[in-house]
Amino acid sequence: MIQPGDRAPAPPGLALVQDLINTVDLEMDRDALRTVDGLAEFCADHDVPLSGLAESDLRAVLELREALRDVCQAHAGVDVPAATLSRLDKQLAQAHLVLAIDDSGAALVRPAAGLTGAVGLTAHIASSIAGAVADDTWRRLKACAADTCRWAYYDHSPAGRSRWCTMSICGARNKMRRLRSRASAPAG
C-alpha cells in the first residue's frame, strides 16, 4: 500500500494491521471495506484464508479497524476511549491463539485452526500484534494526530516521537493552523 510522504511501510509483521486500518481514507471518503466482497478481497490479498463472510463479519471488522486506529493514535499520545478498549477486549478474547514451536525451537504465536469470519481475521491481527510486542515494534505503529486523517503509519524515526503521517501534509497543515491562530490572537 502506498504511504503518505513516501514513508516506508510497517515491518511485515505489522503490515496486516496497518493495511486494515488504512482500508479507509478519511479525507477522500474512500473505503475498501464497504461490502463483504471488499472484506473478502482484503483477506485474500493478505493471505488470510477466510470463507463464508457475512454482513455481521463486515460490521465486526469495521469496529475492529476503528478500535485499532484509536490504539495506534494512543501511540502518538492520545488516550484511548474506555468504550473502545472494552469493545476491543471483547473481540480479541474471541481470537484464539496457539503457541507453536518449529523444528529449530523457535516459538510463534499463531491463530488457532478452524477460525472463520471476523474472528479469524481478528486472530491474525492479534497474532501480528503479539509478534510486534515481542519484537518491540508495536508502539511505533501510529495513527496520524490530524483528526481529518488518522492514517496509520510506522514511525521509523530514531526517537519514535512522530505525530503526523507526514510532515509535508498533515504536519504542515498543523503548523499553518498554529501560525494563523497566533497571528489572529489579540496582542497582549
Of these, Val80, Val98, Val71, which one is surrounded by fewer than 17 Cβ atoms within 10 Å (Cβ to Cβ) and either modelled with pLDDT under 95 or in a helix (DSSP H, G or I) (or both)?
Val80
Those residues of region 11-31 that are open to solvent by 60 Å² or more (accessible area, probe 1.4 Å) and either within 16 Å of the chain's Cα centre (by Cα) or among the aromatic types (Phe, Trp, Tyr) (or both) come to a total of 2
Flag if Glu63 is open to solvent by 30 Å² or more (accessible area, probe 1.4 Å) and assigned to a helix (DSSP H, G or I)
yes
Residue count, region 131-142 (criterion: under 19 Å from Leu64 (Cα atoms), of a type in the set (Gly, Ala, Ser) and either open to solvent by 20 Å² or more (accessible area, probe 1.4 Å) or modelled with pLDDT under 95 (or both)):
1
Residues to consider are Ala44, Ala54, Ala8; find the one that is in contact with a Gly (Cβ under 8 Å, 6 or more places away or on another chain), open to solvent by 30 Å² or more (accessible area, probe 1.4 Å) and of a type in the set (A, V, I, L, M).
Ala54
Within the group Val119, Val48, Val61, Val109, which residue is β-branched (Val, Ile, Thr) and more than 27 Å from Arg150 (Cα to Cα)?
Val109
So, of the residues in region 113-130 that are within 12 Å of Leu50 (Cβ to Cβ) and not in a helix (DSSP H, G or I), which turns out to be least open to solvent (accessible area, probe 1.4 Å)?
Leu115
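The values are calculated or read from the model by the stated rules, or taken from the named source; none is laboratory data. Note that the structure is predicted; figures quoted are calculated from it, not measured. Heads up, the Cβs are rebuilt from the backbone with ideal geometry, glycines too, and the neighbour counts pull from every protein chain shown. With ligands, DNA and RNA removed, areas are computed over all heavy atoms of the protein, side chains included. Shrake-Rupley method; radii C 1.70, N 1.55, O 1.52, S 1.80 Å.
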